[in-house]
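Please treat every number below as a calculation from the coordinates, not as lab data. All values derive from a computational prediction rather than experimental measurement. A quick note on method: Cβ atoms are made from the backbone with ideal geometry, for glycine too, and the neighbour counts reach across all protein chains shown.
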Amino acid sequence: MTNFKNQTLQEIKDNCTYENCVLQLYSDIQQLQNSNFHDCQFKNEVVSIYGIANCTFHNCEFEELSIANKIETTQIVDCKIEYLNLEALKISDKTLAFIHPNNSIGKLNLHWTDLKEIPTAVLKIRTLESLYLGNNYITEVPENIVQLYQLHLLDLSDNAIEKLPTNLSQLQSLKVLGLSGNKITQIPGIQNMKQLSDLVLDKANFSAEQQKVICEYLPSCSVYFE
């Protein structure tokens with residue numbers, strides 16, 4: 001295995017170890033395998049990797065890390081990632097155990113990943129401000145989602161959710177809540193969510209009377225029923 005230390009590089013390769021390197025990549029990465037990164041800074045606005053296997057990222061920094069096709073036997077530990085984009089990723093480990101809770105992640109996109117539940121690993125990332133879980137098969141939202149107390153945006157649109165946790169209103173930093181295309185008929189504690197700026201409820205099962213009450217509870221919120 002080749003070792004790179006304290007270098008500024010424009011490309012990364014398989015079967016290498018990178019330590020304390022500054023990486024300004026000149027192109028997207030098609031496949032990456034059997035490489036380890038320690039204390040590295042990725043300077044691109046977006047680092048796109050189409051397939052990754054048997055890699056470790058430890059104490060690395062990214063603005064946006066986008067993994068587009070598949071990820072296998074890889075660990076992301078103690079990293080600072082402003083935006084982790086896993087949309088439509090083929091994830092064999094639906095627990096997302098490869099994302100350690102001690103990462104600092106601001107925004108996480110899990111649209112179209114065939115999830116049937118919100119992974120416990122996600123609920124432990126306390127730094128999350130935006131969480132996108134739309135177009136999956138999620139049927140319920142666990143009460144411990146309120147652990148994500150910094151959430152500003154929560155998108156649960158187009159799942160199969162029938163009811164929401166009774167303590168949802170404890171997410172007092174939440175500004176945008178997307179619930180369109182689910183089976184819910186009520187939002188517990190909606191009267192206590194006056195901090196919301198946008199509430200998206202199109203393709204949901206709310207009667208005209210319920211819609212009126214929601215709008216009365218949230219006079220400063222833009223509520224979308226269609």
Item to check | Relative contact order of the chain, defined on C-alpha pairs under 8 angstrom at six or more residues apart (%) | outcome: 9 percent
Checklist entry - By a straight-distance test (C-alpha under 21 Å), which lysines pair with Lys183 as possible cross-link partners, with residues fewer than eight away in the same chain excluded? => result Lys116, Lys163, Lys203, Lys212
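About the Cα centre, and with charges only on the beta carbon of Lys, Arg (+1) and Asp, Glu (-1), how big is the dipole of the chain? Nearest 20 debye, please. Could the numbers behind the result be given before it?
Details: 17 positive and 27 negative charges, 63 e Å.
In debye, rounded to 20, the chain gives about 300.
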Next on the checklist: I'd like the distance separating the alpha-carbon centroids of the range 18-67 and the range 69-106, in whole Å.
Outcome noted: 12 Å
Checklist entry - How do Cys215, Cys79, Cys21 rank when sorted from fewest to most other Cβ atoms within 10 Å of their own Cβ? => result Cys215, Cys21, Cys79
Checklist outcome for this item: Where a ≥ b ≥ c are root eigenvalues of the Cα gyration tensor, a/c under 1.5 meaning rounded, otherwise prolate if a/b exceeds b/c and oblate otherwise, the range 4-67 counts as rounded
Checklist entry - Of (1) 143; (2) 106; (3) 158, which is the value of volume of the Cα convex hull per residue in Å³ derived from the coordinates here? => result (2)
Checklist entry - How much length is gained on full extension from Val46 to Ala208, taking 0.36 nm per residue of separation minus their Cα-Cα distance? => result 53.9 nm
Checklist entry - Treating the beta-carbon of each Lys and Arg as +1 and of each Asp and Glu as -1, no other charges, what is the dipole magnitude of the range 1-83 about its Cα centre, to the nearest 20 debye? => result 220 debye
Checklist entry - Can you give the relative contact order of the range 1-83 as a percent, counting alpha carbon pairs under 8 Å and 6+ residues apart? => result 22 percent
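At 222 nm, what helix-only mean residue ellipticity would the chain give, in deg cm²/dmol to the nearest 500, using -39500 (n - 2.57) for each DSSP H run of four or more? Spell out each step's value before the answer.
On the way: 2 runs with 14 residues, N = 226.
Roughly -1500 deg cm²/dmol at 222 nm, from the helical runs in the chain.
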Checklist outcome for this item: Under the 7 Å Cα-to-Cβ spin-label approximation, Thr73 and Gln24 lie apart by a distance in nanometres of 3.5 nm
